[in-house]
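**Student:** Submitted below is the structure of interest, expressed as structure tokens.
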Amino acid sequence: ISNCRSLIPSRQTTDPPTFMVTQDDEMQSPGVSANVEKFWHPLQDPASVSEGREMYGMAGTPQLAALFAEVQRHAAAIVSQFHDGLACLPASQRILNHLTPAEMRYAKSRQTQRLCALSAPSLTAADHRAQAIRAGRTHAIVGLNWEDLVRARGVLGEAIVKYIDTAAHGEALCLLSRRMNQDLAWQAEAYQRLQISRHAVLQRVTLLAWR
């Protein structure tokens, strides 16, 4: 897979749910390679914390356990490839360029941990939601716009299928893809919460200024 923009939606929007649907629609285009199309299988709407039995509580599932082992084995290389792919996203790259070497190592370490956590058979919906909300809040605070966050998901997907055999782990990869969709939905919630908080602060400041 040589062109990371094959997984990047072309339409511009600031509405997170619409943007996610746009990406899933464009995964079905003829230009998407067979391996990536298999990984980015069209998905249903993200499940709530109380639902999602098909995504969680699968500690004894052999297919997911095998994928988890492969992800752990290649996690560092996948994250490194992911960072290389972010060169396609100027806004993301600008943020990374401001990190010190120590901060970059920490960022890669956290991303490696999150990738392993997402593919872990023991992951629960409640734990996943807490992790995603925390990550979404961090991304919003550092100034990563929503569009680039969704595009970065595509870049990560390409890095995953470069190191993970889609023929051997196709079913488990589809499950991982669903978890990643759900991850974006919960990160969107964190973005919206922060935006609401900022508006509330601005309103209070405005009221105080007019008193």
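Just so it is clear, none of the values below were taken in a lab; they were calculated from the coordinates. Every value quoted in this text rests on a predicted model; they were computed, and no experiment measured them.
**Student:** Report the semi-axes of the equivalent ellipsoid for segment 135-211 in whole Å, largest first, where each axis is √(5λ) for an eigenvalue λ of the Cα gyration tensor.
**Tutor:** Over the Cα atoms of segment 135-211, the semi-axes work out to 39, 11, 6 Å.
**Student:** What full-extension length gain, to one decimal in nm, is calculated for Glu54 and Val201 as 0.36 nm per residue of separation minus the Cα-Cα distance?
**Tutor:** This chain segment gains 48.9 nm when fully extended.
**Student:** Name the shape class, rounded, prolate or oblate, that the alpha-carbon gyration tensor gives for segment 61-105, where a ≥ b ≥ c are the square roots of its eigenvalues, rounded holds for a/c under 1.5, and otherwise prolate holds if a/b is larger than b/c and oblate otherwise.
**Tutor:** Prolate is the answer for segment 61-105, as a/c is 1.5 or above and a/b outweighs b/c.
**Student:** Just how far, in whole angstrom, is segment 155-171 from segment 74-150 if you go by their alpha carbon centroids?
**Tutor:** 18
**Student:** For Glu103 and Asn145 in one chain, what is 0.36 nm times their gap in residues minus the Cα-Cα distance, to one decimal in nm?
**Tutor:** Going from the current span to full extension adds 13.1 nm.
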